[in-house]
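Student: Input: one structure, supplied below.
Derivation of every value follows stated rules applied to the coordinates shown; laboratory data play no part. Predicted model only: the values in this text are computed from it and were never measured. With ideal geometry, Cβ positions are generated from the backbone for all residues, glycine too; neighbour counts draw on all protein chains shown.
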Amino acid sequence: MTRSATAGVTVGTPPVTEARRPRTGRWSTLPCRQRNPDLWFAESPTQLETAKSLCRDCPLREQCLAGALARREPWGVWGGEIVRRGVVVAVKRGRGRPRKTAHASAA
């Protein structure tokens, strides 16, 4: 586990730690092992949606999500779902204030 310098939050490791993960075999074919791991912990909602789509056909999807929920992972894409503070959320909102819509500015 690593510790975030800004929030002091302990961040969970990917489903299988480096020490336990074989270098070859079925682990090496998983989407989260073939791509940059930062994609699964990105700030951008678009990147998180990309990570979710890559998880869609993963054979360990259910186990990954169950493990993340059991560990109450603070954030990231786990098992094809966005997890925030140990709970599945439908969509991650972008950073900053929401844009004002034409309807809101007319009021």
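Student: List every residue whose amide H lies under 5 Å from the amide H of residue 78, counting only residues 5 or more places away in sequence or on a different chain, with H placed 1.01 Å from N in the peptide plane.
Tutor: The list, which skips near neighbours in sequence, is 83.
Student: Give me the percent relative contact order of the stretch 25-91, please, defined on Cα pairs under 8 angstrom at least 6 residues apart.
Tutor: Taking the mean separation of contacting Cα pairs over the length of the stretch 25-91, I get 25 percent.
Student: Let me ask something additional. Please state the shape class of the stretch 25-91: rounded when a/c is under 1.5, otherwise prolate if a/b exceeds b/c and oblate if not, all from the C-alpha gyration tensor.
Tutor: It is oblate, given that a/c is not under 1.5 and a/b is not larger than b/c.
Student: Give me a comma-separated list of calculated 3J(HN,Hα) values for the stretch 70-78, in order, Karplus coefficients 6.51, -1.76, 1.60 applied at θ = phi - 60°, integers in Hz, x for any Gly or Pro.
Tutor: Each residue's phi maps through the Karplus curve to give 5, 7, 6, 3, x, 6, x, 9, 10 Hz.
Student: To continue, here is another question. Ranked highest first by average number of other Cβ atoms within 10 Å, how do 83-90, 28-35 line up?
Tutor: In descending order of packing, they fall as 28-35, 83-90.
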